[in-house]
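The values are calculated or read from the model by the stated rules, or taken from the named source; none is laboratory data. What you see is a predicted model; the values in this text were computed from it and never measured. A quick note on method: Cβ atoms are made from the backbone with ideal geometry, for glycine too, and the neighbour counts reach across all protein chains shown. SASA here: full protein model, heavy atoms, side chains in, ligands and nucleic acids out. Shrake-Rupley method; radii C 1.70, N 1.55, O 1.52, S 1.80 Å.
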Amino acid sequence: MLKQEIKNLIEKTIGKKAVVEVPDNFSYGDFSTNIAIKEKLNPQEIADKLKTSPLFEKVEVVNGFINFFLRPEYFLENLKQILKQKEKYGSSQIGKGKTIVIDYSAPNIAKPFGIGHLRSTIIGQAIYNLYKFSGYKTIGDNHLGDWGTQFGKLIFQIELKIKNEKLKINELTIGDLEKLYVEFHKEAETDPALNDEARAWFKKLENGDKKAKEIWHACKEISLKEFDRIYNLLGIKIDNTLGESFYLDKMPEIFEEMKKKNLTKQSEGAWVVEFENNILPSLVLIKSDGATTYFLRDLATIKYRLKKWNPSIIAYEVGVDQSLHFKQLFETIKMLGWAKDVRFEHIVHGLMRSKTGKFSTRRGDTVHLEDVLQEAIDKAKEIINNSETDKNLPEKEKNELAQQIGIGAVKYNDLSQHHSRDIVFDWDKILNLKGNSGPYLQYAYARTQSVLEKSGLSPNKIFKILDNNFITIVTKALPQENIILKKLLHFSEIVEQATKTFSPNLICNYIFDLSQSFNLFYNEVSILKADTKEQKEFRLALTFAVGQVIKNSLTLLGIESPNKM
Ligand code: ARG
């Protein structure tokens with residue numbers, strides 16, 4: 001990449017580590033460095049030495065910064081690369097030979113698929129896509145919450161209903177499960193002995209009791225069906241769904257290893273883990289009644305992943321409320337000495353709030369994700385019905401389009417800010433065709449496609465035409481064209497940065513910015529009615545390139561790019 005090339009060049013010239021950046025404003029060059037300021041060197045002297053490189057048209061010094069302006073050949077070459085590589089443009093082999101396991105989505109059985117899980121699903125999938133695009137072997141793992149003491153409560157409650165009210169398990173719905181769970185907690189408030197009953201049931205479940213397993217299995221089926229509907233709506237498929245229960249028979253071995261390495265000790269009947277100098281609070285590994293914990297299951301999960309996939313990164317996309325859990329987990333891995341050169345990362349997500357502070361939906365108080373997604377689709381349909389979109393579009397296609405726009409809008413809203421931040425769910429902003437939203441970008445893409453369609457020229461044809469003679473046109477490009485050429489050049493770096501820092505929002509910022517530049521170009525410059533044939537072809541190439549880069553970006557974000565809007 002050019003940025004790296006320039007960095008190497010500077011470092012070779014002055015023998016010191018340099019940071020190269022892309023200035024916010026291209027009047028300060030395509031790249032810039034503060035090396036002279038940092039190292040207290042004479043910037044002009046360095047600039048004079050670097051000027052001789054064939055990379056640059058000019059090298060300027062402004063306030064101690066050294067600014068580099070690339071030769072126009074590089075912009076033309078990049079444009080050609082976009083036309084040639086198409087959907088592969090921006091991809092790389094940075095991760096070649098390396099594997100990343102991404103733990104995301106992970107909803108809990110017998111509970112509704114919550115907003116937090118939605119965030120995890122959307123962000124996790126985008127990160128998965130980024131790593132794949134960068135050449136990593138990617139393993140997505142949906143660590144379903146399908147084990148734990150809460151099932152004791154549920155099984156107890158269901159078993160009671162089967163006995164007393166002739167409830168049939170195969171008639172249970174996800175709504176019932178939710179209700180039963182709430183009921184249990186209410187009743188346990190007045191009758192705490194119920195908690196012991198629940199614990200006993202979980203114990204039975206862990207020991208493989210037939211009845212307990214049967215009820216648990218039914219709960220799991222019901223939930224999975226519900227979750228699948230949501231994954232379908234979101235257009236998401238996760239490689240593996242192993243879930244916590246998968247590790248049941250893998251826990252004893254871990255417990256033994258913890259004991260052998262003196263990393264756990266008994267305290268009031270339970271087995272606990274303490275950290276040296278109390279750098280972190282201690283925690284329970286095995287409860288006093290012998291029940292396993294979420295923590296122990298996570299340890300077993302790591303061991304399994306290390307053995308099975310030999311990853312260099314294991315990343316968890318999980319809410320900020322589990323920060324302590326992951327700190328303890330990663331510290332324990334260190335104490336176990338399992339994976340010295342594996343990077344563990346907790347990619348936190350913040351809360352999602354509604355504009356009024358609380359989420360509410362048509363069904364009432366609790367937020368049902370499916371309702372939220374359906375509402376997005378309905379609202380998108382309204383937009384389609386009110387727009388100039390082909391009025392004759394068949395209903396089926398309209399519905400498909402509404403789904404692509406509605407779901408895309410929800411995803412973009414989630415991804416366009418840094419994942420660690422709380423985000424606000426505001427329909428007006430999410431679906432705003434004029435602001436930084438999914439539909440705005442999809443609209444910009446559709447616009448590029450409609451121009452290309454009208455031109456009658458295929459991308460392959462444009463690619464063939466676009467030879468080195470075009471350098472004169474590139475040299476004389478209008479400011480509206482120049483800015484696009486410059487922005488397009490930085491896509492690969494943005495992808496690299498977004499991947500390295502687990503930040504899909506960088507991709508969002510970038511395409512929003514690119515789309516704005518394109519819209520300006522579209523409004524102020526005639527593409528199809530350009531003065532000369534070459535000019536028209538050049539502008540079509542730019543249009544194609546912008547469309548391709550928006551599409552590649554939206555694909556990374558898990559958002560569709562409809563050709564028409
Ligand atoms: N099911 C958990 C929850 O909803 C998230 C699981 C995250 N992954 C993990 N390996 N702990 O809170």
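Looking across the range 1-10, the residues that are open to solvent by less than 70 Å² (accessible area, probe 1.4 Å) and of a type in the set (A, V, I, L, M) come down to LEU2, ILE6, LEU9, ILE10. For the range 226-242, filtering for residues that are of a type in the set (S, T, N, Q) and over 22 Å from THR301 (Cα atoms) leaves 1.
Cβ-Cβ contacts under 6 Å between residues 6 or more apart (or on different chains), taken from a first residue in the range 127-154 that is within 18 Å of HIS419 (Cβ to Cβ) to a second residue that is assigned to a helix (DSSP H, G or I) and within 16 Å of the ligand (Cβ to nearest atom), are listed as THR138/TYR128; GLY140/TYR128. Candidates are the residues of the range 111-140 that are within 12 Å of the ligand (Cβ to nearest atom) and over 14 Å from the mean Cα position of the chain (by Cα); the one that is most open to solvent (accessible area, probe 1.4 Å) is LYS111. Taking the criterion of being within 16 Å of the ligand (Cβ to nearest atom) and open to solvent by 40 Å² or more (accessible area, probe 1.4 Å), the residues of the range 143-177 that qualify are THR149, GLN150.
Are any residues in the range 56-102 in a loop (DSSP other than H, G, I, E, B) and closer than 15 Å to PHE463 by Cα, and if so, which ones?
The one that is in a loop (DSSP other than H, G, I, E, B) and closer than 15 Å to PHE463 by Cα: TYR89.
All conditions in (1) modelled with pLDDT of 95 or more; (2) open to solvent by 30 Å² or more (accessible area, probe 1.4 Å) hold for ASN469, with the sole exception of (1).
Do any residues in the range 15-33 that are free of Cβ contacts under 8 Å to residues at least 12 places away in the same chain have Cβ atoms under 7 Å from those of residues that are among the aliphatic types (A, V, I, L, M) and buried (at least 21 other Cβ atoms within 10 Å of the Cβ), where the two are at least six apart or on different chains, and which pairs are they? Pairs found: none. Taken over the range 11-55, the residue count meeting the criterion of being more than 17 Å from PHE75 (Cβ to Cβ), assigned to a helix (DSSP H, G or I), out of contact with any Pro (no Cβ under 7 Å at 6 or more places or on another chain) and open to solvent by less than 40 Å² (accessible area, probe 1.4 Å) is 7. Given the structure, is GLN417 within 22 Å of the chain's Cα centre (by Cα), open to solvent by 10 Å² or more (accessible area, probe 1.4 Å) and closer than 17 Å to ALA376 by Cα? It is false that GLN417 is within 22 Å of the chain's Cα centre (by Cα), open to solvent by 10 Å² or more (accessible area, probe 1.4 Å) and closer than 17 Å to ALA376 by Cα. The single residue among ALA530, ALA498 that is surrounded by 15 or more Cβ atoms within 10 Å (Cβ to Cβ) and free of Cβ contacts under 8 Å to residues at least 12 places away in the same chain turns out to be ALA530. Of the residues making up the range 303-346, those that are open to solvent by 40 Å² or more (accessible area, probe 1.4 Å) and near the ligand (Cβ under 10 Å from one of its atoms) are ASP321, GLN322.
Within the range 256-283, restricting attention to residues that are closer than 16 Å to PHE326 by Cβ and outside any loop (DSSP other than H, G, I, E, B), the residue that is farthest from the ligand (Cβ to nearest atom) is VAL273.
The listed residues are LEU242, LEU233, and the only one of them that is of a type outside the set (Val, Ile, Thr) and either in contact with a strand residue (DSSP E or B) (Cβ under 9 Å, 6 or more places away or on another chain) or within 16 Å of the ligand (Cβ to nearest atom) (or both) turns out to be LEU242. Take LYS476 and decide whether it is open to solvent by 20 Å² or more (accessible area, probe 1.4 Å) and within 17 Å of LEU415 (Cβ to Cβ). Judged against the criteria, LYS476 is not a match.
Restricting to the range 284-302, and then to whatever is part of a loop (DSSP other than H, G, I, E, B) and not charged (D, E, K, R), can you tell me which residue is nearest to the ligand (Cβ to nearest atom)? Filtering the range 284-302 for residues that are part of a loop (DSSP other than H, G, I, E, B) and not charged (D, E, K, R), the one nearest to the ligand (Cβ to nearest atom) comes out as THR293. Quick check: is even one residue across the range 78-101 over 30 Å from ASP30 (Cα atoms), surrounded by 24 or more Cβ atoms within 10 Å (Cβ to Cβ) and of a type in the set (Gly, Ala, Ser)? No, the conditions are met nowhere in the range 78-101. When restricted to residues that are within 16 Å of the ligand (Cβ to nearest atom) and either small (Gly, Ala, Ser) or without any contact (Cβ under 8 Å) to a residue 12 or more places away in the chain (or both), the range 89-110 contains 3. Applying the criterion of at least 2 residues that are under 30 Å from GLU345 (Cα atoms) to the helices (runs of 4 or more DSSP H) found wholly in the range 461-530 leaves 491-500, 505-524.
Taking residues in the range 312-330 that are among the small types (Gly, Ala, Ser), and partners anywhere that are near the ligand (Cβ under 8 Å from one of its atoms) and assigned to a helix (DSSP H, G or I), the pairs with Cβ atoms closer than 7 Å and at least 6 places apart or on different chains are GLY319/GLY116.
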